[in-house]
Each structure stands twice: as C-alpha cells, then as structure tokens.
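K.L.:
My structure is below; once you've seen it, I'll send some questions.
The values are calculated or read from the model by the stated rules, or taken from the named source; none is laboratory data. A quick note: this is a predicted structure, and the numbers were derived from the prediction, not measured. So basically every Cβ, Gly included, is an ideal-geometry build from the backbone, and we count neighbours across all protein chains shown. The area values use the complete protein model at the heavy-atom level, side chains included, leaving out ligands, DNA and RNA. Shrake-Rupley method; radii C 1.70, N 1.55, O 1.52, S 1.80 Å.
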Amino acid sequence: MDASEIGTMTIPMNEKIDNLLDDATTGNARLGNRHDSNAQPFIRIENLSKEFDGVTVVDSVNLDIYRGELFAILGGSGCGKTTLLRLLAGFETPSTGRVIIDGIDMTGLPPYQRPVNMMVQSYAVFPHMTVEKNVAYGLKKDGVDKTQIGEQVSQMLSLVQLSGYETRKPHQLSGGQLQRVALARALVKKPKVLLLDEPLAALDKKLRERTQFELMNIQDQLGITFVVVTHDQEEAMNLATRIAVMDDGRFVQTGTPTHVYEYPTNRFVADFVGTTNMFEGTVSRIADEHLLIDTVDFGDIKASPTPGTNVGNQVWLAVRPEKITISKESITSETTTCIKGVVTDLGYYGNRTIYRVTTETSAVIEISAQNQFRASEPILDSEDEVFVSWDLNSGIVLKE
Amino acid sequence: MNTRYSEMADKAWRSFVIYLPYVWLLLFFLTPFLIVFKISFSDPVIAQPPFTPLFDWARSGLSAVYITFDNFLFLFEDDLYWLSYLKSVRVAAFSTLCCLLIGYPMAYAITRADTTARNILLLLVILPFWTSFLLRVYAWMGMLSTHGLINKGLLWMGFIDEPMKLLYTDFAVYLGIVYTYLPFMILPLYAALQKLDLSIHEAASDLGATPFRVFIDITLPMSATGIIAGCLLVFIPAIGEYVIPTLLGGSDSLMIGRQLFNEFFENRDWPVASAVATILLFILVIPIMLFQRYQITAGTNVNE
Amino acid sequence: MRQRSTFLFTTLAFGYAFLYLPIVILMVYSFNDSRIQSVWNGFSLRWYASLLDNAQVIDAALLSLQIALISATIATVLGTLAGLSMTHMGRFKGRLLFTGLIAAPLIMPEVITGLSLLLVFVSTEQLIGWPESRGTMTIIIAHITFSMAFVAVIVQSRLSTVDKSLEEAAMDLGGRPYRVAIDVTLPLIAPAMVAGWLLAFTLSLDDLVIASFVSGPGANTLPMVIFSKVKLGVAPDINALATLIITVIGIGVVIAGFVMQRRERARITEYQATR
C-alpha cells in the first residue's frame, strides 16, 4: 500500500478505532450479552473426525458456538485447525460426526449449498475479474436480481472502504485492499457464519493490528457469527469472544481469552498461549489456604489450593513472567515464594524488559518487568545477584 | 432449490467431464489395438476386408472362435521381418544416442544464456517442432542428392573427386531421424537442466570439484529424468518411423514401419501387417510404460 | 570458464545451423528458375505461379485446412475435459487406464495408430454399417484422437498451476462445479487451450501416415499429395509450396509465441500481486 492511500484512509479509521476501543476492552462483556448458558448453540460440532490416509487430522471434536460470537481456533501449524474450518465450509467430508448450523445438519452438503462463507489466507480474489465482479460473484450465483446486486455490492464496498475501486483489477490492489475485497465478497452473501482462515497473516504488523479492529467493527455491525483460525495468540485474544486451543486434532481448552490466558488447564495451553515458567514437582501437603509442592529445583513451594489434587500427585506449577517480581532484596511473606539467582540474560523492549535469571540449581526463570519509570541505565544488569518472587495466587497448578 | 435435481446436475457434469474423453479414447484408441491383436490371428483372404472373421457373429455368438498363429509363424520364418525389427531397434537406438550427444550441450548452453537470448533460442528449438515434419525431411533430399549442396561443398573443398551417394543410404536415414527428433530431445533436457540451481554447482566447485567432476557428480544425475524422457520421446516414435526411411533410405532400407506400411498397402496382407504391429507393440511396451511413469512425474512441472 | 563458454557457443551455432540450414536452402532453391535443383538459373517465381494452377494441390490444401480446423476444435474440447478429469475429478473408476490412454498417443508410432484406427473403422462398418465410406470424416476422427492427447498434456500442466483456492472460493460463494469451471477455471487456462488448439491444428495439417491409413478414395490431404510427389525425388513446385507453408506457420508460431509470452508475463504479475 502506498503512502497516499494510507493518508486517505487514516481519518475515518481513527474515528472508528476510537469507537471500537470501548468495545474491544470489554470483549468479555460482549460475550456476556450474546450468549447465556440456556441459549441454543448456533453451530454445533458433534464428535467430528477427519482422517487422511489413516492419519487422524481432526480427532472427535465437540464444540458449540453461539450466534454472534467471534470464535477463534488457535493452534500451531499442522494441528488440524484449517482442516476443521474446511469441514465447516464443506470442502472436506468428515470421517465421523456431523456439523449442525442453525438447526440444520450440514453433513454431506457441498460448499455451494451451505449458508457459510470462507475467507482464506491467500484471499483467492479472482485475478481475471474486477473488484466489483468479484464481490458480485456470489450474489449472481444465488440468482439475485441485477439492480439489487449493484446496490448490495456498492454498500458492501463502502463498508470495507473500497468505494471507488469498483473497476480495478486485483493486480492493481495492495495486500490490505485484496483482503478487504475477499471480506466483502464473502460478507455480501450475508452468510450465517463467516469462516476466516488466518485472515491477517499476509499483512504487515501495523496493518494487521488496525485490521483486527476493523474486523471486529464489521462483525459488530452485521452480527454475523465469525469463526477465525489463527496461529497468532495475540490476534486470537484481541479478536475473539472465545478461544479454542487446538493441538494434534483435539481441543485442549476452550474459553474466553482471559480464561485461557489466566487459567490454562494444561501445560500445552499454558505454554502455547503466552510464555510460562513451568516447575515440575509432587504435591507434598494440602492445607486449607495453600498446597505445598515439592519441586525438583527449589524444594517446597506454596501454591493456591487446587481441587482434585492429592498428596503424591505429579504436578507442574506455571507462573507467567509478568507476575514475577525481580529485586535486589529478598522479599519474605507468608504467601510469597522467593528464589535467589543471577541475571544471565536480559532483553530490552522499550516498554518492558525480559530478564532470565539462573538459579543455584541451574533452572532458568523468565521475568517480564514493565519499565514504568524512565531510567538512563538499567537498574539491573547481567551478573547481578537478584531475588525473584511471586505470590502464591499467581501460580497455577497443572495436572497434565 | 431442488436439492435432488441439482445433485443430479452435478453428477451429470462430473460424468460428462470424465467420460466424454474417456469413452472417445476407449473407442478410438484402445479398441483399435484389440482389433489389431485380433486380426493378427486371422487368415488372409482375397476379399474386402481381406481377412477371415475371428468371431462369426451370424452364428451362435462367440462359440465359433477361429485362431491361427500362421501370421506369427510367417514372421519368424522369414528373415526379412526379424531383420527389420533388429535394424529398426538399432537405428532408433543409435539415433537416440546421437540426439542426446548433440542435444545435451545445446540444452545446457540454452539454460546458461541470459533471459532474452534464452527465450529466442527456445523458440528456435520449438519452431521446427511446429513446422511440417514431412517438409523438413524433404528438405534433406535436396541437400543430400548427388548434385546437392553437401556434395558440391565437398567437391569444392577437394575432399572428394566425384559425388558421393548420400541420398537413399542408411546414413541419410540416421541423419533424417536425428534432425527431425532433435527438438524432442532438447526440450525435456532443457526443462530438467533449467531447474538446476546454479548455487549447487558453485557449492560443488567450492568444495574442490573440477568442472568435469561437477558435471559427472551433480549435473548429470540431476538431469536424469530429462535424459530418460528425451530418449524415450526419440526412441519410441523413431522405431516405427515410415516417412524418413521411405524418402531418405534406400529401397533395401528395412525398417519395420516401412515393412508394415508395405505389407498393408502393397501386399494387402492385413493379418500379417497386424501381426507386425502386434510384435512392434510388444517391443515397445516397456519403453512406453517407462515413458508414462516419467510423464506422470514430469507432467506437473512442465510449466514451471 | 572461458573455454567452456566457447565450447557451448560452438555447439549452439552448429546445432542451430543443423536445424535451419536445410530449410533455408530449400527456400532459396524455390526461387530457382531451373527445373534441376543443382543448377541455379536465376531468380524466378514460376514455381509459385505453377502452384496456383495446380488444382490438385489447392483442393488438397483446402481439405487439409478444413480437417485441421474441425479436428483441432473438437480435440481442444476433449483434451481440456481430459485435463480437467485428470486434475479436478479426484478418484474415479479406471483412472489408471485413462492416464495411460491419454499419454500413449503422444509417442505411439504413427503406423500403429493409423493401422489400428483403420481396422476399427473397417470393423464397425461390418458390424453396424458405419462409417459408410472412409474419407474426411474418418481422418477427422483419427486426428482428434491423437491430437487430443497433446492438448490434454498442455492443459493439464497449466491446470496444475491454477491456484486451487480460487476454485474453492468460487464454490464457497455458491458456484456449482460446472459454473466454477466456466467462471474461474477456463478463463485461467485459456492461454493453454489456445496453445493446445494451435498444436492440434498444425499436427493435423502435417499428418501423413495416419491420414494415409484411414483415408478413402478421393480424400487426399495436402501431405498425401506432397508425399506422392516427393517420393519420386525433388520437385521444384514442392519447394515453392514448402516455402509457403513453412513461412506461414513460422510467422504464426513466432507471433503466437510473443503474444503468449507477453500474456504470460502479465499473468504472472497479476498472480503474484494477488498472493
């Protein structure tokens, strides 16, 4: 995208982002409004599996998605997330299980008969058609009448801020504009569900962040249920009302972004979503206010009581880097764990600094500290002897 | 929308795409071979068509099956035929080798040219492929004749005292085959060589290999698919060649394509002609199957 | 390094001289006034003039053009369908056989193809009374059969470069499979179809052996007429005819080549822009 384009676009966009910020920061509130536990699921995935030549790519997945949600499926490459999306779109036929959308069983229906549209990572904008023809394509196939097509196409193009680009050919557009053509083309059909496969992966970082808000805004205006597949955990957390973390064809955890980040239920999620320090140990004592874990590296550490754990269980204590304090003096309190070590590595990121502290047992603990005050020199330096500490409520006990 | 109707329409489209060309090829490509096979077991008769029916349809279906191995016996008893087969294989093999020896350095040189020159050079290789095969063979008739340009040149330079007989010799046949099939050798070789990454060569020379070793260790093995495809593309059609031996070869030039043609048009012995074709096909079965394997693997990257 | 480039340059020079010299000589001698090729009697267009009076040659040329037009068109349709079924139809019954049938005509010696096709026509005539006589119709069928294989190969290699997500997008937007093929696939492979048509056209114009087998009385194509003349030796009016044919086809191929290269470049930039 060239500079002049950005210039013409920033003004309306900024306004939008301002409006959006309220929405975005209250992501969980949006979810609360839109679905309560009694509501009927809009998309129901039942025991869905897909095998390719004996390799199970999607493994008995069950999932309910509610009307109006912006649901993200998060996972690494090869975890089966794209296959799952293609099963929803109808490009793959499931080996077992079924997909129900708005009460209608979709199993066996080809893509062109599903009330679902998809936007792929490469955008797949038809190179031999103009922007207008691209967007009109789906309506034409539905047999919508000509004047209506014209109206709806121009409405949709103005929604994605591409008015004036009607007669351009795809090769005359930038990546961000192509992405919006693909979005308009899918949305103009007013699908019940819009599937997005890595929608922003091909854009550069700044544009990606801006487009995230734009997507949320559009979703809000149209009220269409979005299912987004992504490998980018920040994108998933920012966009989605709920996230399903996928690994090896299965969902390992489903929940709101906050829930998934703050209360991971297993080591994979704790590690995949954000970064985590993980300490292995055995439960040695269970008290009322806390749980005592005999860790391999640091001996007994206190953790918050966790239902379902018994003395002798093998567990992992997960602590997020930003929940750990680093200081020159030892901190002692009833609920604090404090460990001595030496700073062996530090990375300065402007807004925060990442420290790696090696303890006496050669374990490495990562700490992320906000640089709240301006300082010309770092307060802590390599080789400094430090104490790292965290509150017992900051750690999470994971059983698997 | 009527789902059942539209499902039927989708199925009909699929069947249309697959079975229209399929049925065509079954009818006009596979069945003909079966019929050739069948007729090679029939007796010749003087009639129209000149062979006895293998199945007597008028009577009780397939109960009366009449098979004779006479045609094949005839082929084996008469030296003429198996000498022709041998000679065809020899001519085709030697011509293929010549094509490879001329074509390989040419293809290699084309890949090393810069982009503009490369496109023009490629076009010049493809051009003869499009222009009439018959006329290109014919062009050599003038060149090779007793008073043709080659003899004139040799006389003028004093290499010979009187014109050599060049036309209507085996030499002319080899020349004609190499000439007409050379583009078929160069194109697959070019396709294979063009994919070679120059940095691999540099890495190899960097590791101390001489240019000759680089060629033997890297270039040659990596262009193996191109060599095989090119050789098959020359060898298989050349073995059944009719036009070249007829126009450039002597009347004693015993190539099997010509034998088959004569058997069919001059002797009107269709069953023997069919037997000749059947045996030729058996000779070619292995090269053709090899070609198909490489066709499948190479077909996907022709356009790269 | 220098030595090697000299070697490569020499090979190229000799190689191309080998490919082009005979044709150039033939063209030069087509303007020779003399009846005997070896004697240059001065420049003349008499052999070209005599072609115009040769009704046999003109009739044959018209027949060949007619056959080439019809067979190239049908071969392009069938070859494109064959290419589609190889790349877009997944698994189907007898796919392996089909793959073999598509590739075999590319290299099958012409005498075998010609003989077997003739025998099939003779047999069907016996069995069902079709075709009543051999001639234009049977030549067209024969030419379709072998040239569709060439079209299929060209189309197939282009199809394999078509981005599958474009077709899926069209299907996702509600296009039924046949609409997707017409709206998206065919426009994207159109250049390959044109190339296939041109190749089928020239293959048909050029074919001697297969046409000789399946033709009947009265249907003499241009290569058949030429062949019957040159079998007896060099003929000056055939030099003139050859010059005409080679020039027309040569210019056609060069123009087509340049147009396609330009379009190809445009296509690549278009395609890369949409990635």
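K.L.:
Suppose the Debye formula is applied to equal point scatterers at every Cα of region B:104-258; what is log10 I(q)/I(0) at q = 0.09, 0.10, 0.15 Å⁻¹?
P.N.:
-0.42, -0.51, -0.91
K.L.:
Could you give the semi-axes, largest first, of the ellipsoid that matches chain A, computed as the square roots of 5 times the alpha carbon gyration tensor eigenvalues and rounded to whole Å?
P.N.:
Working: eigenvalues 402, 147, 58 Å².
That gives 45, 27, 17 Å for the three semi-axes.
K.L.:
What's the Cα-based Rg to Rh of region A:245-314, Rh via Kirkwood? Mind showing how you got there, number by number?
P.N.:
Numbers: Rg = 13.7 Å, Rh = 13.4 Å.
Reported Rg/Rh (Cα atoms, Kirkwood Rh): 1.02.
K.L.:
Taking a cut-off of 28 Å between Cα atoms, list the lysines near A:LYS205, but don't count ones fewer than 8 places away on the same chain.
P.N.:
A:LYS16, A:LYS81, A:LYS169, A:LYS323, C:LYS164
K.L.:
Could you list the GluC sites (Glu not before Pro) in region C:59-155 that lie in coil according to DSSP, counting only those with at most 13 other Cβ atoms within 10 Å of their Cβ? Don't skip to the answer; put the middle values down first.
P.N.:
Working: sites: C:GLU110, C:GLU125, C:GLU132; in loops: C:GLU132.
Those satisfying the criteria are C:GLU132.
K.L.:
A further question on this structure: Could you report the protein assembly as shown's accessible area per residue, 1.4 Å probe, as an integer in Å²? Walk me through the intermediate numbers first.
P.N.:
Working: 44640 Å² over 979 residues.
With the other protein chains kept in place, the protein assembly as shown gives 46 Å² per residue.
K.L.:
Given C-alpha coordinates of region C:31-273, what is the ratio Rg to Rh with the Kirkwood estimate of Rh?
P.N.:
1.06
K.L.:
Using only the Cα atoms of region A:275-398, build the gyration tensor, take square roots of its eigenvalues as a ≥ b ≥ c, and label the shape rounded, prolate or oblate: rounded if a/c is under 1.5, else prolate if a/b is larger than b/c, else oblate. Walk me through the numbers before you get to the answer.
P.N.:
Details: a/c = 2.28, a/b = 2.06, b/c = 1.11.
Judged from the Cα gyration tensor, region A:275-398 comes out prolate (a/c at least 1.5, a/b above b/c).
K.L.:
With a 1.4 Å probe, what is the total accessible area buried between chains B and C, in Å² rounded to the nearest 100?
P.N.:
Values: alone 18980 and 17190 Å², together 27430 Å².
Counting both chains, the buried surface is close to 8700 Å².
K.L.:
Given a 1.4 angstrom probe, I'd like the percentage of the accessible area of chain B that is carbon and sulfur, rounded to a whole number. Don't skip to the answer; put the middle values down first.
P.N.:
Working: 9920 of 14550 Å².
Its accessible area is 68 percent carbon and sulfur atoms.
K.L.:
Using helices alone, I'd like the mean residue ellipticity at 222 nm for chain A: each DSSP H run of four-plus residues gives -39500 (n - 2.57), total over residue count, nearest 500. Intermediate results must be reported in sequence, preceding the final value.
P.N.:
Working: 10 runs with 115 residues, N = 400.
So the calculated ellipticity at 222 nm is -9000 deg cm²/dmol.
K.L.:
Still on this model: Run through all the Cα pairs of the protein assembly as shown and give the fraction in each 20 Å bin from 0, expressed as whole percent.
P.N.:
11, 31, 28, 19, 9, 1, 0
K.L.:
So which aspartates and glutamates pass the test for A:LYS190, namely a Cα distance under 17 Å, with those fewer than 8 places away in the same chain ruled out?
P.N.:
Cα-Cα hits under 17 Å: A:GLU69, A:ASP102, A:GLU132, A:ASP142, A:ASP145, A:GLU151, A:ASP220, C:ASP172.
K.L.:
Separate question: Which Rg and Dmax, in Å, describe the Cα atoms of region B:205-292?
P.N.:
19.8, 66
K.L.:
More than 16 angstrom separation, counting every C-alpha pair in region A:108-169; what % is that? It would help to have the intermediate numbers written out before the result.
P.N.:
Details: 994 of 1891 pairs.
Counting every Cα pair in region A:108-169, those more than 16 Å apart make up 53 percent.
K.L.:
Cross-link partners among lysines for B:LYS87, C-alpha distance below 24 Å, same-chain residues fewer than 8 apart left out?
P.N.:
Straight-line reach from B:LYS87, under 24 Å: B:LYS165, C:LYS231.
K.L.:
Quick one: pull the percentage of alpha-carbon pairs in region C:32-149 with a separation above 19 Å.
P.N.:
Numbers: 4533 of 6903 pairs.
Of all Cα-Cα distances in region C:32-149, 66 percent exceed 19 Å.
K.L.:
Take chain B, drop everything but the C-alpha atoms, weight them equally and run the Debye formula without solvent; then report log10 I(q)/I(0) at 0.10, 0.16 Å⁻¹ to two decimals.
P.N.:
Here the Debye-derived log intensity ratios amount to -0.79, -1.30.
K.L.:
I've got another one for you. Show me the chymotrypsin sites (Phe, Trp or Tyr not before Pro) within region B:119-186 that DSSP assigns to loop and that have at most 12 other Cβ atoms within 10 Å of their Cβ.
P.N.:
Working: sites: B:PHE129, B:TRP130, B:PHE133, B:TYR138, B:TRP140, B:TRP156, B:PHE159, B:TYR168, B:PHE171, B:TYR174, B:TYR179, B:TYR181, B:PHE184; in loops: B:PHE159, B:TYR168.
Sites meeting the loop and neighbour criteria: B:PHE159.
K.L.:
May I pose another question? Could you identify which residue out of B:THR146, B:THR246, B:THR169 has the top mean-square fluctuation in a GNM of chain B using Cα springs shorter than 10 Å?
P.N.:
B:THR146
K.L.:
Right, next: For region A:125-132, just list the computed ³J(HN,Hα) in residue order, Karplus coefficients 6.51, -1.76 and 1.60, θ = phi - 60°, integers in Hz, with x standing in for Gly and Pro.
P.N.:
Running phi through 6.51 cos²θ - 1.76 cosθ + 1.60 with θ = phi - 60° gives 6, 4, x, 9, 10, 6, 3, 4 Hz.
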